[in-house]
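Inspection log for the structure reproduced underneath, given as structure tokens.
Values in this text are rule-based calculations from the coordinates and carry no lab data. These numbers were taken from a predicted model, which means no experiment stands behind them. Cβ placement follows ideal geometry from the backbone for every residue including glycine, while neighbour counts extend to all protein chains displayed.
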Amino acid sequence: MPDAKPQERLLELPLFQGMSSNDIEQVTASTRFRHLTFTRGKVVVSENDACDSLLFLIKGSADAIGRADDNGYSMTETITAPDILQPERIFGLTQRYSRTFKAATDCSFISLGKMETLALAENYEIFRLNLLNIICTKSQRLTRYPWRTQPKDIRHKIVRFVETRCLRPAGEKTVRIKMERLADEISESRLNVSRELNAMHAEGVISLKRGEIHINALERLIM
């Protein structure tokens, strides 16, 4: 692990936060970690790849790209270190990534296999609680969405469309979608959607290109 001691790297990661220095020393001595590096533009994992390990982003940033089932539109958002690539996918019904992750900069990862993950969860309560908290938080956010008040105006319908499809409801998002498809998705006319998007562009909260919407900071638009 370059630029830092292994113990320091682990303490930066969500699953290891709160562990004692003695525990961290034991973990680094007894657990097999793989160190992976990717140059800018390289694919780290692809959508539908088997998720048989936890991938911790420890340096740099990566683009997470999600696509509609019919490939009719896509969304790209950037994650930065320290972070974990879809830890909820290592267990459960579908143990495959739902996003393609591509290196946005030169970046480094630590890989922790599923059996090593289970062993750490069994032996270290803080690791187990951190893992459960991450997975449960994601689940709770998803179950809350259907009960929220539905947006009434076109702008907030567009924002809700983006919010419910991203990994994190904040930061920059780039949506590649045709105007007609977006209008269908939010049950509005193409003309009205076009007018609202151009108004948002004029205000500087989004940038428009042909077939592409770039949101500067999604958290500023969320209701």
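Quick notes on this structure:
- Helix 114-123 vs. the chain, principal-axis angle (Cα, 0 to 90°, nearest 10): 60
- Simple spin-label estimate for A119 and N22 gives 2.1 nm between the two label positions (7 Å along the Cα-to-Cβ direction from each Cα).
- Efficiency of FRET between T143 and R195 - r from beta-carbon atoms, R0 45 angstrom, step 0.05: 0.85
- The chain: angle of helix 190-203 to the longest principal axis, Cα-based, in degrees nearest 10: 70
- The stretch 98-223 - charge dipole about Cα centre, Lys and Arg +1 at Cβ, Asp and Glu -1, debye rounded to 20: 340
- Note on K152 and T78: with the Förster distance fixed at 35 Å, the Cβ-Cβ geometry gives a FRET efficiency of about 0.70.
- In the chain, the longest principal axis of the Cα atoms and the axis of helix 154-163 are about 20 degrees apart.
- Nearby aspartates and glutamates by direct alpha-carbon distance to K114 (threshold 20 angstrom, same-chain neighbours under 8 apart not counted): D23, E47, D49, D52, D83, E88, E122, E125
- Cα gyration tensor, the stretch 1-146 - rounded (a/c under 1.5), prolate or oblate: oblate
- Simple rule: put +1 on each Lys or Arg Cβ and -1 on each Asp or Glu Cβ in the stretch 42-160, find the dipole, and look at C107, V159, P87; the Cα lying farthest toward the positive end is V159.
- Only DSSP H runs of four or more residues enter the estimate; each adds -39500 (n - 2.57), and after division by the residues of the chain the mean residue ellipticity at 222 nm equals -10500 deg cm²/dmol.
- Separation between Cα centres of the stretch 184-215 and the stretch 29-86, rounded to whole Å: 29
- Placing unit charges on the Cβ atoms only, positive for Lys and Arg and negative for Asp and Glu, gives the chain a dipole magnitude near 600 debye about its Cα centre.
- A cut-off under 10 angstrom between Cβ atoms defines the neighbours of G60, and their net charge, with Lys, Arg +1 and Asp, Glu -1, is +1.
- For K157, the lysines whose Cα comes closer than 18 Å to its Cα, not counting residues fewer than 8 places off in the same chain, are K173, K178.
- Size of electric dipole in the stretch 54-140: Cβ of Lys, Arg +1 and of Asp, Glu -1, about Cα centre, debye, nearest 20: 80
- Where labels lie 7 Å past Cα in the beta-carbon direction, separation of E203 and I135 in nm: 4.0
- Here the extension length gained between A170 and T105 equals 21.4 nm, from 0.36 nm per residue of separation less the Cα-Cα distance.
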